[in-house]
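Below: one structure, written as structure tokens.
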Amino acid sequence: MKARTAFKLFAVALLTGHVAAHAQAIPPCRLHGAAAELVGDTVERAAKTYRQIGKTLPFEKIAVNPSETPQDGRTLVILIITDASADGVQANGCASRPAAKDEPLDKLSVLGGCAVVGAGKLELRCSAKAVALFGANGDRPDRANPALLYVLAHELGHVYQRHVGEYGGRAVRIDLSQPRQEKLKALQQSCDPTSTKREEEADALSVEVMKRLLPMPPYREPLLSDRGSLLWNVDKLVLAANEWQSASLEVEFISRSTVHRSFVPTEFPTPSGAVDANARRFVCDVLTGSKGSIQHPLQSATHPSLDQRMGRVAEAIRPVAATLSNDTGRRQFESVARLQSQLSPVFNHIYRETGLYMEAVQGAICTMVKAPTPPSCR
């Protein structure tokens, strides 16, 4: 099941890319205009919701792919950039040929979905490929994809913070041949929450935006009940995340790398005893191992994991969905609506419980490695 596959934790770049603080100027030939209106409308919608929840953003206007950079200091500039292969770019920055999926991208390409250029600059850059994927909605101009809203609302969170996103998004590899003390130190440093606090705040803001906007057009799915439509939007977000994960891995030469088995839940909800046992198994496998390597998603330089992100979305959406009507009898395609109303709550439960498990097992690991006495691994 594709939606479930997305929650096998691979700790891969999902929604945010990286752009250097002193980013190069983008030549007009690299700007992709097809989705400019869609991106602009989505940001306008999200920015209005930020204001409604009492968050003042540092801009008054939005300009997507402008021919000239506004100098008023109150305009958010959004550039939708076409990817180009590193060896397929001319001296002026224009692409001499389409980017191949098995080639590294050049420095102007956005390695991820979207990213704020710099803490003091009102500029957001998005990958044209990512926008096309997150904004895809078939041939239904009356509907909008919630994935694009999630991505852009998250980046507005960084604009609100006046901060650059820092997501690297890889699973972290621990070389087991290192001395025990060095491995313990690496785990302790991974538990430092400082660098993830801004990311978590940006995610929380984007979820608040989604809670308010998803029940209404253009995100409202008229074929389903009010409740079913909201839960279906969460499912669509997960499907887009999974598809982006696969696409970004192909571009960046990274095969799907499985993290330690302790980070893959096997029952919902997971009993506290099983959480502690899995955490101990991971820590002991790291500290006592001497050959090979172990991968884990605890590195503090990354975003919260995919599981945790989607779990938080599900956690926020569930109480909102519970207040909405689930009347499927007066909709078109009644049988489809009924089936969806039965399945989406199940998926939502999986997303939520997986996120809760990831937070619990990571918390247990950090408690162990930061204790005055290192854990006993006999």
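The values are calculated or read from the model by the stated rules, or taken from the named source; none is laboratory data. In this text, all values refer to a predicted model and were calculated from it rather than measured experimentally. For neighbour counting, all protein chains shown are included, and Cβ atoms are generated from backbone atoms with ideal geometry for every residue, glycine included.
Being at pLDDT 80 or above and assigned to a helix (DSSP H, G or I) is true of LEU287.
Listed by first and then second residue, the pairs linking a residue in the stretch 271-291 that is free of Cβ contacts under 8 Å to residues at least 24 places away in the same chain to a residue that is surrounded by 17 or more Cβ atoms within 10 Å (Cβ to Cβ) and in a helix (DSSP H, G or I), with Cβ atoms under 9 Å apart and 6 or more places separating them unless they lie on different chains, are ALA277/SER262; ARG281/SER262.
Just one residue in the set GLU208, GLU267 is at pLDDT 80 or above, in the same structural domain as HIS296 (by TED's automatic domain parsing), among the acidic types (Asp, Glu) and crowded, with 18+ Cβ neighbours inside 10 Å; that residue is GLU208.
Could you list, ordered by first residue, the pairs with Cβ atoms under 6 Å in which the first is in the stretch 17-32 and in the same structural domain as PRO98 (by TED's automatic domain parsing) and the second is modelled with pLDDT of 95 or more and in a loop (DSSP other than H, G, I, E, B), at least 6 apart or interchain? Hits for this filter: LEU31/ASN65. If you filter the stretch 175-205 down to residues that are under 19 Å from GLY363 (Cβ atoms) and buried (at least 17 other Cβ atoms within 10 Å of the Cβ), you find that the one that is nearest to the chain's Cα centre (by Cα) is ASP203. Do the conditions hold for TYR150, that is, is it assigned to a loop (DSSP other than H, G, I, E, B), in contact with a helix residue (DSSP H, G or I) (Cβ under 6 Å, 6 or more places away or on another chain) and at pLDDT 85 or above? The answer is no for TYR150. Quick check on the stretch 68-76. Is at least one of its residues over 21 Å from LEU213 (Cα atoms) and in contact with a Ser or Thr (Cβ under 8 Å, 6 or more places away or on another chain)? There is no residue in the stretch 68-76 that is over 21 Å from LEU213 (Cα atoms) and in contact with a Ser or Thr (Cβ under 8 Å, 6 or more places away or on another chain).
Remark: pairs (first residue in the stretch 197-213, within 15 Å of ARG162 (Cβ to Cβ); second residue hydroxyl-bearing (Ser, Thr, Tyr) and not in a helix (DSSP H, G or I); Cβ separation under 9 Å; 6+ apart in sequence or on different chains) = GLU199/THR16; GLU199/TYR167; GLU199/THR302; ALA202/THR16.
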